[in-house]
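To start, the structure under review is shown below, and the notes come after it.
The values are calculated or read from the model by the stated rules, or taken from the named source; none is laboratory data. Since this is a predicted model, take the numbers as computed values, not measurements. We place every Cβ from the backbone using ideal geometry, glycine too, and count neighbours over all the protein chains shown.
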Amino acid sequence: MRITFIGHAGFVVETDSAVVVMDPWLSPRGAFDSAWMQLPRNHHLAPQVRELLETSPKQRFLYISHEHRDHFDPEFLETLTKRDFSVLIPRFQRSALRDMFQAYGCKRIISCRDGQEIPLPGGGYVKLFLTESGTNRDSGVLVRGEGQSFLNLNDCKIHDRLSRIMEAEGSIDFFSAQFSGAIWHPTCYEYSREVYEDISLKKRASKFEAVARAIQTVKPKAFLAAAGPACFLDPSLFHLNQEKVNIFPRAPELFAFLKERLPGNSTQYIEPMPGDVLDVASVDWVHQVPERLTDENLHDYLHAYAADMAHVFRERRRNILLAEVDMIHEQLRVELRRKLDRLELHARVGMPLYMGLKELPGKWLRVDFRQRRVDAVAEITERGRYTMVVAATDISRVLERKLTWEELLLSFRHRMSRTPDVYEPILHAFLGLEIEDVGEFCEDLLAAEARRERTVVTAGGKRYSVQRFCPHQGADLTEAWIEGGRYLLCPRHRWQFDLQDGGRCSTNGLSIEAKCLPDTERERDRRQQPGRETQTRL
């Protein structure tokens, strides 16, 4: 088995009789309205990947993990004229990805269930692992063939399932998982530099710890650093590349952490460059490209890259008349109203949302969730509120269905604030979801809340009964870990629940309903029926 890195989260896995192309993101215009660009650049590999998918004599598969445009690249896929390959996609409840490939036209579409095996010629298989909860839809993939294996989680947060996957699958040779941030918090929020850096460092440490624990569980021969940070070449975003502290660390920082965190670990840590080829059996290079991105050349590399791509951002600029801004403002009001009509859990959101356009500084749209109203107002009157400001030209692309709401948020071309500084999951979903997905989100949240199974954890010498599943996106807390003798950390998003405060999460108020158990209950708990309560020592 050979693995070729094609940039970001993209790989080509080849056996003697099959080839699997994973998440090829190769378009020179990047993703999320060109806000994200591939780092290092990989556009030159597009002809090579195109030829492989069109002409390889081996059985050909294209795997797309999820809908995000740094993984699913329609612009590149449209350049393929011969489409007699098989597409592997996760079978999500939302059919958007499946619908797009049905319109695309290819040999066959295999919409895979969680854990479904797709046999490969010559032996072996491809298997997908799905997660779909709240606003999150993603999948990881395992390729096994010729006695070797590669588990690629890309962005897929299934760390709470890894131990069970390993029990079922056995040893893994190569492993890859996201190690860098990919979210608009705290990137787009109005924080002081001190607070911004403090939040960033905590998120970075949390992400690194999750990767370390995954490596401890998987025990691979090699870890491939991929799905790392993009770069930001839009002049309005370029400063993000130059921040000393943010949520976008590069592989050398991760490796330094892992060497200290996992002393004596035999896993090799590899930072591949686009075009590098590795042999899985020997864990050795078949080919290394001569150009390597390093800390020393990063500054010059980014500035040269930005100069090459400057035309992309010149082309997306446009002037806009005030009358058009007013029209966009009204269209936005209608859009928010339609979203609110679908939000059955609106009464749970206590703070209003104020949305404004940069071009109209004295005019806000106030979303009152409890009263289910969207009104145009001249000023912000509440101390407790959430705000979002965006350019009319950017929000118009959402209203014209050229971007999704989540793609706008991931473009980082907006500013946000919240008082108090607390994550509100329903408001977060309201902003990031399409109108047609809001109702399903509410149904899924209610279904998750109805799961009452509990587990027992030990922390600081005491035993606590807690909800087994995280109230955020349903991670299995039997795979959680304890910090500081009192905090239970969710293995999926690293939310911190204080066991000594009833299991409450300080950053958002959600709770796992922790109850300290007296020693006298130990024997009674031991006799409880399996499945009602499980004991976990952390």
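Checked against (1) charged (D, E, K, R); (2) assigned to a strand (DSSP E or B); (3) modelled with pLDDT under 95, K127 passes all but condition (3).
Results for (1) assigned by TED's automatic domain parsing to the domain that holds L224; (2) in a helix (DSSP H, G or I), shown as yes or no for each residue.
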{"site": "E260", "(1), (2)": "yes, yes"}
{"site": "V289", "(1), (2)": "yes, no"}
{"site": "D295", "(1), (2)": "yes, no"}
{"site": "Y301", "(1), (2)": "yes, yes"}
{"site": "A304", "(1), (2)": "yes, yes"}
{"site": "M327", "(1), (2)": "no, yes"}
{"site": "L332", "(1), (2)": "no, yes"}
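Scanning the stretch 137-155 for residues that are assigned to a strand (DSSP E or B) and touching a His at 6+ places or on another chain (Cβ under 9 Å) yields R137, D138, S139.
Selection of strands (runs of 3 or more DSSP E) fully inside the stretch 418-488 by the criterion of at least 1 residues being buried (at least 20 other Cβ atoms within 10 Å of the Cβ) and either modelled with pLDDT under 95 or not assigned by TED's automatic domain parsing to the domain that holds K339 (or both) returns 454-459, 462-467. Under the condition of being small (G, A, S) and surrounded by 14 or more Cβ atoms within 10 Å (Cβ to Cβ), the residues counted in the stretch 292-326 number 1. The C-beta contact set for the stretch 388-416 (first residue without any contact (Cβ under 8 Å) to a residue 40 or more places away in the chain and of a type in the set (F, W, Y), second residue buried (at least 18 other Cβ atoms within 10 Å of the Cβ) and in a loop (DSSP other than H, G, I, E, B), distance under 9 angstrom, 6+ apart or interchain) comprises W405/L433.
With respect to the stated conditions, R338 fails to be outside the structural domain of F238 (by TED's automatic domain parsing), in contact with a strand residue (DSSP E or B) (Cβ under 8 Å, 6 or more places away or on another chain) and either part of a helix (DSSP H, G or I) or of a type outside the set (S, T, Y) (or both). In the stretch 372-395, of all residues being under 19 Å from R418 (Cα atoms) and polar (S, T, N, Q), the one that is surrounded by the most Cβ atoms within 10 Å (Cβ to Cβ) corresponds to T387. Look at the stretch 268-293: where a residue is without any contact (Cβ under 8 Å) to a residue 24 or more places away in the chain and a partner is of a type in the set (S, T, N, Q) and in a strand (DSSP E or B), sitting 6+ places away or on another chain with Cβ atoms under 9 Å, you get H287/T4.
Among the residues of the stretch 313-325 satisfying the criterion of being in a helix (DSSP H, G or I) and touching a residue at least 12 places away in the same chain (Cβ under 8 Å), which is nearest to R373 (Cα to Cα)?
V325
Only residues that are over 14 Å from P90 (Cα atoms), modelled with pLDDT of 90 or more and surrounded by fewer than 24 Cβ atoms within 10 Å (Cβ to Cβ) were counted across the stretch 130-144, and they come to 1. Scanning the stretch 251-277 for residues that are within 21 Å of G30 (Cα to Cα) and touching an Asp or Glu at 6+ places or on another chain (Cβ under 8 Å) yields a total of 2. The residue that is surrounded by the fewest Cβ atoms within 10 Å (Cβ to Cβ), among those in the stretch 87-129 that are free of Cβ contacts under 8 Å to residues at least 12 places away in the same chain and charged (D, E, K, R), is D99.
Taking only the stretch 219-229 into account, find how many residues are surrounded by fewer than 22 Cβ atoms within 10 Å (Cβ to Cβ) and within 21 Å of the chain's Cα centre (by Cα).
2
Of the set (1) part of a helix (DSSP H, G or I); (2) within 20 Å of the chain's Cα centre (by Cα), all apply to R94 but (1).
Table: residues versus (1) modelled with pLDDT of 95 or more; (2) within 30 Å of S417 (Cα to Cα); (3) out of contact with any Gly (no Cβ under 7 Å at 6 or more places or on another chain); (4) not polar (S, T, N, Q).
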| position | (1), (2), (3), (4) |
| --- | --- |
| E296 | yes, no, yes, yes |
| R318 | no, yes, yes, yes |
| L321 | no, yes, yes, yes |
| R333 | yes, yes, yes, yes |
| L343 | yes, yes, yes, yes |
| D368 | yes, yes, yes, yes |
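Residue count for the stretch 210-237 under the criterion of being of a type in the set (S, T, Y) and either in contact with a His (Cβ under 6 Å, 6 or more places away or on another chain) or part of a loop (DSSP other than H, G, I, E, B) (or both): the result is 1.
State all residues of the stretch 251-269 that are touching a helix residue (DSSP H, G or I) at 6+ places or on another chain (Cβ under 9 Å) and within 21 Å of T4 (Cβ to Cβ); if no residue qualifies, say none.
Selection gives T267, Y269.
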